[in-house]
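Following: one structure in structure tokens, then a few remarks.
Each reported figure results from applying straightforward, stated rules to the coordinates on display, with no laboratory input. Quantities reported herein were computed from a predicted structural model and do not represent experimental measurements. No Cβ is skipped: glycine too gets one built from the backbone with ideal geometry, and neighbour counts run over all protein chains shown.
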Amino acid sequence: MQLIIEKNHLINKFRKIFSMFMNDKLALISIIFLLFMVFLAIFGPSLINESYTKMNLRLRNLEPFSFDHHIMYFFGADALGRSMIARLILATQNTMFIAGSAVILSMTLGGVLGLISGYYGGRTGNLIMRMADIIMSFPSLLLAVIVLYMFDPGLLNLVIVLAFTRMPIYMRTARAEVLEIRERLFVSAAISMGASNLRIIFKHIAPLTIPTLLTIATLDFAFVMLGESALSFLGVGIQPPEVTWGLMVAQGRNYLQIAWWLAFFPGLIIMSVALSLNLLSSWLRIVLDPRQRWRLENIGDKSD
Amino acid sequence: MRQYLSKRIFSSILAITGLFVMVFFLARLTGDPGHLYLPIDAPLEVRKEFSEKHGFNDPIYIQFGKFLEDLTDGNFGYSLRKERPAIDIVLEAIPVTLSLAAVAMSIAVVGAILIGSLAAYRPNGIFDRISRVVSLTAASAPDFWVAITAILIFSVSLGWLPTSGIGGVPYWIMPIGILVIRPLGLLVQVVRGSMITALSSDFVKTARAKGVKEKVVIFKHALRNGLLPVITVAGDQAAAIANGAVIVETIFGWPGIGKLMIDSIMQRDFAVVQASILITAIVILSINIIIDIAYAVLDPRIRHK
Amino acid sequence: MKLKNFSFAISTATIMAFGSLFSSAYSAGKDITIVIAEEPDIVDPCEATRSVVGKIVKQNVTETLTEINPADGSVTPRLATSWKQTDNLTWEFNIRKGIKFHDGEDLNAKAVVKSINRALNPKYDCEIRTKFFGNIKLQASAIGSHTISVKTESPQPIMPALMGTMTVVSPNTQEAKGVRDPKGTGPYLFNTWTPGQSVTLKRFDGYWGDKPEVENATYVWRNESAVRAAMVKTGEADIAASIGVQDANDPKMDFSYFNSETSRLRIDMTRAPLNDIRVRKAMNLAIDLDGLMGTIFPKGVVKMTQIVVPSINGHNPNLKPWPYDPAEAKRLVKAAKADGVPVDKEIVLIGRLGIYPNSTEAMEAMHAMLTEVGFNIKIKMMETAGWLNFLSRPYAEDRGPALQQSQHDNNNGDAVFSMFNKYACKGAQSTTCDKQVDAWITEATAATGTKRRDTWRKAQKKLHEEIIPDVQMFHMVGFSRVNPRIKFTPTISTNSEIQISQVKFN
């Protein structure tokens, strides 16, 4: 009996989310597109035949949209004659991995630091916020360049640097949320009942901050992708033979005049993913805001 | 207010000091500038002599001590590359970037208020949808790619604008355009969001009920409140626009602070790196303080305290 | 308050923008604009061997005693009219008479000696000294009103060529490096320098030679090759020095020329498996140079057989480039493996970003071809400073086997500027040590005439055939775009100097 109710509850929840997607077609398209990208990132590299990612100078800068070659060359070939489609799929995994891990890392670290700062306040809290100020008072791109000059611009370092430079937003947001939540009744209740600080922070406060942080994170994913590509432009991004969309755009810029497709397709994908994330994030914002959620729940009232 | 301000300034100084120490040590870990400065074929003896002369062989903490000593005399060090005081070079570059950023930010803020308010007036209306997709698409493109494509289209193919360089209005159009895109896309969303909230708030409803004209409602009552988050976000964009400036200045050949920093980091010209980081951080933190004040002035809740 | 802020920002910006509205950057009349890749951080003529400084001041503002003919490496007179070797260690140069510096001072022996001493002052790190005179002890003195003698501690048979790097500045020039308004004897006066924006030169009416056509020359700089090329196309500039091959797509205005650079992968011969000759042979056989020409590398490049280009004294014309033979390469790898050579070991391919156009793609291609014959290669692209840490001595003790993308520029007429540093046991970037080659290098450095030439050739042959310290690639070509309204032919020396006096109008 209990089980059935819970199951029904779950189904209802999904139905609700689904209908909220249906009421925002742009968000629906975005989530479908993003899910497809995630699929590519996970399974893509194992699906493509190695021969399409091998150098083949005879096909160098092959023009797109021709049927003379295998369908894998439909988007043309790059400066080394590798299939654009294959390269783009390979890049999906790296790009998603870098941006995804950077965002998760900075959200977790920044969130926890913000929570601590907001909950304890005082000297510790201030110290943490000054740290955020330091990072914020300096163009993140330059900081990343300095650090990447010191260490190898490998996958891991890239993730750490990108995560580090995006941290302050989470620190500030988490702190602001905590300051507000701390005043609420249930927290005082928990404190008076003798719950430990850690328990209060992670059991009672943290869950309430997660929706806001997630909304920011979806947006941030786009920023991290763009930041990664700017680093590639400056030559300190990920290094070949690894590949990301950002690196493809940066390398392709040299060929804009003779082979526009080298930079155009990866640029288009970066744009589409960023756009989808933006749309999804504004949908999330509405869904998570009790005062605005009705906009997506009732189709009839759309004309406000 | 005064107390708040002095506290804020104090903490800013702390932040700058922290940043500075961090950069000083990080930069020195990136390698001996002697390798870069001397020709590849320079004999070993010349290399050794060079490193000794400039103190690059000393432990980092001794170099830091020397630097502090100079700093107390108001001396930011001497550029290894340019044979000039580092601070002079930085002060030449700052106005270029500031004027670029000021124009870009003004356009972005004004544009965002206009577009955002119009979009918020009828949420999910046709204008809202179009402006949302267009502004977000533009903000999602890699800026260096947009910049080079723009040069190829507007200068090479159409011949409407000069390719690059500093000069009259035509020279400003592309760099400013590139710099505006990202903050504009972001700010439009912020204005839209806060205007929607403001327009559905009680005092706007009251004003409307009283029969106040729609224009006055939007631009006086709603906008005033809707602007607050814009100011915060615009402040955060101050550092972000410096990122954009690095790219724009590199491509369009503007002698600003962004390009100077990248070049001096690449050349390991530490004195210039330090001076430019210090000055940039001061500028960015000052802007943030000004924004805090503006916030206090505009927010009725804080103002009336 | 907020309105005031806004209007203030906007009005300041408007004033700034309109203030310069009428300044035009388009060149016209007898003036030309040259766009180079980097900003000069300094314009001191004692750094004229650096290409960014040389392109502005060398032979334009300041002249050298001798000049090296780029076509064949021969030495011709410029400020010196003649020279002779008086003994093993001494050279005498006769200085041209009746020449005045831009500030009115006379050019005489004293002025030249002062200028030499300034450039070689160990207190300042002028590049002329650190690059060419780093380990030469030299004593210059005036022995007549217009004759100087140059004494060295060891024989310097190519002193006249060395003097082709020595720029002569007015005796009033400050002693310390960093002069911001250099005064020489050249056909152009150093006029203005707006840091970050431009340098302008103006024709010098008191020039001793022929009167050049160009009246004013403006130098500007843009990082992106596409932008430089676009500037000539739109008429904003007249010469775009060094553009990428992909931007040189207009045969009417683009010139390609040998740029005296030679590009190779240096093999670190001290580390296994690279210490095995079969491995090094296999690497050379694995590279499809023909496939790279006209694709990743420009069409005009020439397969190298040695570090110096054909116009350099000491180049051996009888050597044959490596053929492309992947089957043989695979066989050699297998044979080496059978003998216990650890050919599976990871070999790092250290590349440098932007060392030449498409440098990253080139390394990806090399990676692909070396992997194909069975090597385990890992690319590591680095920016200049990081890359340099691996290039020169002292090398890290714990380094693993590595190939290093490198490019060497020698347009100074003689192989001596290459051989010691690259291949002698103590050479700054050498990873090889062969007694015989070392002896030949020492011998050739002190020799003259055909003996010098033939000794260099012997060394080149042994290196190419028996030592194989490089994966050989190409003698490179460069591209420059020239506006059809002027006549100017870029040459092998355009990398290091742009003589504006040679520019004519159509």
Dipole magnitude (debye, nearest 20) for chain C, charges at Cβ of Lys, Arg, Asp, Glu: 360
Principal axes of region C:277-361: Cα extent on each, largest first, Å: 42, 33, 21
Convex hull volume per residue in cubic angstrom - Cα atoms of the protein assembly as shown: 209
Packing-based order for C:207-214, C:232-239, using average beta carbon neighbours within 10 Å, highest first: C:232-239, C:207-214
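I want the antiparallel fraction of DSSP beta bridges within the protein assembly as shown, as a percent rounded to 5.
In the protein assembly as shown, approximately 75 percent of DSSP beta bridges are antiparallel ones.
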Which of C:CYS126, C:CYS433, C:CYS46 has the fewest Cβ neighbours within 10 Å, and the rest in rising order: C:CYS433, C:CYS126, C:CYS46
C-alpha long axis of helix A:206-233 to longest principal axis of chain A, angle in °: 20
Choice from B:ARG224, B:ARG268, B:ARG182 with maximal GNM fluctuation in chain B (Cα, 10 Å cutoff): B:ARG224
Cα gyration tensor shape of region B:86-303, rounded if a/c is under 1.5, else prolate or oblate by comparing a/b with b/c: oblate
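Can you check how the C-alpha radius of gyration of region A:172-242 compares to 2.2 N^0.38 Å, as a plain ratio?
1.72
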Most mobile listed residue (B:GLN274, B:GLN237, B:GLN63) in chain B, GNM with C-alpha springs under 10 Å: B:GLN63
Relative frequency of Cα-Cα separations exceeding 20 Å in region B:2-72, percent: 48
Under DSSP loop assignment and at most 11 Cβ neighbours within 10 Å, longest chymotrypsin sites (Phe, Trp or Tyr not before Pro)-free interval of chain A: A:68-304
Distant-in-sequence amide H partners of C:MET381 (H built 1.01 Å from N, under 5 Å): C:GLY351
Neighbouring partner chain Cβ atoms per residue of C:125-137, average, 10 Å criterion: 4
Sorted largest first, extent of region B:196-252 alpha carbons per principal axis (Å): 55, 18, 13
Relative compactness, chain C, computed as alpha-carbon Rg over 2.2 N^0.38 Å: 1.07
Helix axis angle, B:86-121 relative to chain B longest principal axis, alpha carbon, degrees: 20
Number of partner chain Cβ atoms within 10 Å, mean per residue of B:250-263: 5
Helix-only mean residue ellipticity at 222 nm for the protein assembly as shown, each DSSP H run of n ≥ 4 adding -39500 (n - 2.57), per residue, nearest 500: -17000 deg cm²/dmol
Cubic angstrom per residue, convex hull over Cα atoms of region C:178-293: 226
Positive dipole terminus of the protein assembly as shown, leading residue within A:VAL145, A:SER196, C:GLY235 (C-beta point charges): A:SER196
Residue-by-residue Karplus 3J(HN,Hα) for region C:486-491, coefficients 6.51, -1.76, 1.60, Hz, glycine and proline x: 10, 10, 7, 10, x, 10
Total charge dipole magnitude, region A:1-98, about the Cα centre, Cβ charges on Lys, Arg, Asp, Glu only, Debye to nearest 20: 220
Cβ-based charge dipole, the protein assembly as shown, positive-most Cα from B:ILE60, C:LEU189, C:THR305: B:ILE60
log₁₀ of I(q)/I(0) at q = 0.21, 0.26, 0.31 Å⁻¹ - region A:50-97, Debye sum with one point per alpha carbon: -0.62, -0.87, -1.10
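How do C:SER493, C:SER145 rank when sorted from fewest to most other Cβ atoms within 10 Å of their own Cβ?
C:SER145, C:SER493
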Compactness index (Cα Rg / 2.2 N^0.38 Å), region B:142-241: 1.53
Footprinting exposure proxy for A:VAL145, B:VAL212, A:VAL112 (fewest neighbouring C-beta atoms within 10 Å first): B:VAL212, A:VAL112, A:VAL145
Cross-link pairs beyond the 30 Å C-alpha cut-off, checked among C:LYS58/C:LYS487; C:LYS380/C:LYS435; A:LYS25/A:LYS54; B:LYS48/C:LYS202; B:LYS53/C:LYS462: C:LYS380/C:LYS435; A:LYS25/A:LYS54; B:LYS48/C:LYS202; B:LYS53/C:LYS462
Loop trypsin sites (Lys or Arg not before Pro), region A:18-111, which have at most 14 other Cβ atoms in a 10 Å radius of their Cβ (DSSP): none
Global geometry of chain A, whether rounded, prolate or oblate, following the gyration tensor of its Cα atoms and the 1.5 cut on a/c: oblate
C:ASN376 long-range amide H proximity, modeled H, under 5 Å: C:ILE347
Dipole in debye (nearest 20) - region B:2-72, about Cα centre, beta carbon charges: Lys, Arg +1; Asp, Glu -1: 660
Sparse-neighbourhood loop sites, trypsin sites (Lys or Arg not before Pro) in region C:22-126 - DSSP loop, at most 16 other Cβ within 10 angstrom: C:LYS30, C:LYS97, C:LYS123
Those trypsin sites (Lys or Arg not before Pro) in region A:193-298 that DSSP places in a loop and that have at most 10 other beta carbons within 10 Å: A:ARG291
Tilt relative to chain B, helix B:2-29 - C-alpha long axis, 0 to 90 degrees, to 10: 40
